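Below is one structure, written out as structure tokens; the observations come after it.
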Ligand SMILES: [Zn+2]
């Protein structure tokens, strides 16, 4: 458990090498919980290992060749 997931280094659309930067985003499950609470529901919290598996690490990179901005989320494989 010492190696971080590899950071993406290429545009997924055209393959041009581009720099990616770590990018903070709200995991989808947190958005859903917020929406449920806004409706008055109180969903039970997810187990931490499920949250970790869903959250992942996200990166963003802009490609000058095809002008695409790519968001890449890398997910950890959860042992066990
Ligand atoms: Zn590209």
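Some notes on this structure:
- Sorting 24, 30 by the number of Cβ atoms found within 10 Å of their own Cβ, with the fewest placed first, yields 24, 30.
- Cα gyration tensor shape of the chain, rounded if a/c is under 1.5, else prolate or oblate by comparing a/b with b/c: oblate
- With helices as the sole contributors, the chain gives -7000 deg cm²/dmol at 222 nm; each DSSP H run of n ≥ 4 counts as -39500 (n - 2.57), and the sum is divided by every residue.
- The chain, relative contact order [Cα under 8 Å, separation at least 6], %: 34
- Extension reserve of the residue 30-residue 50 stretch, reckoned as 0.36 nm per residue once the Cα distance is removed: 6.0 nm
- Order of 59, 29 under a 10 Å beta carbon neighbour criterion, fewest first: 29, 59
- Principal-axis tilt of helix 28-38 within the chain, Cα atoms, nearest 10 degrees: 40
None of the figures in this text is laboratory data; all of them are computed from the coordinates on show. Just so it is clear, the structure is predicted and the values come from calculations on it, not from any experiment. Every residue, glycine among them, receives a Cβ derived from its backbone with ideal geometry; neighbour counts consider all protein chains shown.
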